[in-house]
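Read through the structure below, which is laid out as structure tokens, and then see the notes.
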Amino acid sequence: PTGWKKDEPCWTAEPPQDGWALTPGDLEDGTLGQNYLDQTDHLVAKLKSDLYKGLPLPPEYERAIAEYERERPILLPLAESNEEIKWKQAAKRLSTLSITELLRPSVSELCQDLFSERILTGKYLLPSTYSQTRSLSRDGDLVSVGYFGAGGVFGGGWEPANTNDYVGALFSRLCVRV
């Protein structure tokens, strides 16, 4: 990173996690134009209906979903607030929820995936879209990453209630021991 981004915590304090994750490389259908909470709802539904279809979820995922479902009604009004202190509280909490840590990549993990795919296959992932991550900027915004091409990869900060037709969610399932 260059300029102001080189000092962002998502570049300096968030190395990729050890282990492996399943990442499809494309944004989840139906997540473009959704806010962070609605994207999370979509990822949870996919986890239940597609990935563990007919099977019990691992306990870690059950606990993470229960935590999210308890906190969602509290976080929604904070996320939708016009008061910066409130939506930043929501962004901070959303970034640290267990379900977020299990289903969304950090900035460094997503960049590692983008660069690895480019090196291995020559393909640019997310060439015209951004994916929301679990990372926060130093200003307290949720960080999105994308528009990856010959000019590099781009990132930006988002409030949790913001929506845009080119920002969605990339499903990144952290593999846990069961």
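Okay, here's what the table says:
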read-out: Nearest-10 value in Å² for the accessible area of residue 65, using the 1.4 Å probe; value: 10 Å²
read-out: Exposure of residue 121 as accessible area (Å², to 10), given a probe of 1.4 Å and all protein chains; value: 90 Å²
read-out: Region 24-132, accessible surface, carbon-and-sulfur percent (1.4 angstrom probe); value: 53 percent
read-out: Per DSSP, loop trypsin sites (Lys or Arg not before Pro) in region 93-178 with at most 16 further Cβ within 10 Å; value: 123, 138, 177
read-out: Extension gain from residue 69 to residue 55, taking 0.36 nm per residue of separation minus the Cα-Cα distance; value: 3.0 nm
read-out: Residue 41-residue 120 pseudo-label distance in nm [points 7 Å out on the Cα-to-Cβ vector]; value: 3.4 nm
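The values are calculated or read from the model by the stated rules, or taken from the named source; none is laboratory data. This structure is a prediction, so every number in the text was calculated from the model and none was measured. Note that each Cβ is placed from the backbone with ideal geometry, even for glycine, and that neighbours are counted across all protein chains shown. Surface accessibility is based on the protein's heavy atoms, side chains included, excluding ligands, DNA and RNA. Shrake-Rupley method; radii C 1.70, N 1.55, O 1.52, S 1.80 Å.
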